[in-house]
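The structure appears right after this line, and notes come after that.
Since every read-out is calculated from the coordinates, none of them should be taken as a lab result. In this text, all values refer to a predicted model and were calculated from it rather than measured experimentally. Every residue, glycine as well, gets a Cβ built from its backbone with ideal geometry; the counts of neighbours run over all protein chains shown.
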Amino acid sequence: MVQEFEIGQIVNTFGIKGFVKVKPFTDDITNFETLKKVFILNKKQKNEYEIEEVKEHKNMVLIKFKGVDTIEQAELLRNSYIVISRKDTKELEEDRYYIVDLLGLEIFTDEGTLLGHVEDIYNTGSNDIYVVKNDLGKQILLPAISDVIKQIDIKNNKIIVHLIKGLI
């Protein structure tokens, strides 16, 4: 299992007092409010920052880091990623998973046929879509709904699906 993962990207500065605007990679942006420290990862390095303040603003997160007090300092963080350790994450409810834990899992039909592995997951607004790729490079898009996704078994690296009419 991945021990660190990205929870957002710093996309801009906000105001003149060092706030940054973060595009969250989580469906519950209140998760940011419980964090005390995070890592900021850019092309060159990964540094730990202490969080002073968190605000929500138009489906974005505004964060003020300790020691980042000007717009110029905040600008240096633009396009960086916010990374946390797995130990700093919330316990998820049953049948909820971190995307990073689903990527790479093998997809089998309920009849035992291997369809491929999870290459990507994206959200359509109403539900997630699992992008499944087989060894030949063919992609299948599976909606993450209870009629299709029957079992997720992270320990055994597999997902069991039922192919309803019209999916393939």
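Here are a few things to note about the model shown:
- Single residue of segment 142-157 satisfying the filter (without any contact (Cβ under 8 Å) to a residue 24 or more places away in the chain and aliphatic (A, V, I, L, M)) that is farthest from Asp95 (Cα to Cα): Val148
- Failed item in (1) out of contact with any Phe, Trp or Tyr (no Cβ under 7 Å at 6 or more places or on another chain); (2) farther than 15 Å from Gly8 by Cα, with His57 passing the rest: (2)
- Among (1) of a type in the set (S, T, N, Q); (2) touching a residue at least 24 places away in the same chain (Cβ under 8 Å); (3) farther than 24 Å from Ile152 by Cβ - the single one Asn31 does not satisfy: (3)
- Test: residue in segment 100-112 that is assigned to a helix (DSSP H, G or I), within 24 Å of Lys37 (Cβ to Cβ), in contact (Cβ under 8 Å) with a residue 40 or more places away in the chain and among the hydrophobic types (A, V, I, L, M, F, W, C): yes
- Of all residues making up segment 117-136, the number that are surrounded by 10 or more Cβ atoms within 10 Å (Cβ to Cβ) and either in contact with a Leu (Cβ under 7 Å, 6 or more places away or on another chain) or small (Gly, Ala, Ser) (or both): 8
- Complete set of residues in segment 73-96 that are loosely packed, with under 14 Cβ neighbours inside 10 Å, closer than 30 Å to Gln151 by Cβ and not aliphatic (A, V, I, L, M): Ser85, Arg86, Lys87, Lys90, Glu91, Glu93, Glu94, Asp95, Arg96
- Scanning segment 65-115 for residues that are among the acidic types (Asp, Glu) and more than 19 Å from Ile10 (Cα to Cα) yields Asp88, Glu91, Glu93, Glu94, Asp95, Asp101, Glu106, Asp110, Glu111.
- All positions within segment 125-163 that are of a type in the set (Val, Ile, Thr), within 19 Å of the chain's Cα centre (by Cα), more than 12 Å from Gly104 (Cα to Cα) and outside any strand (DSSP E or B): Ile145
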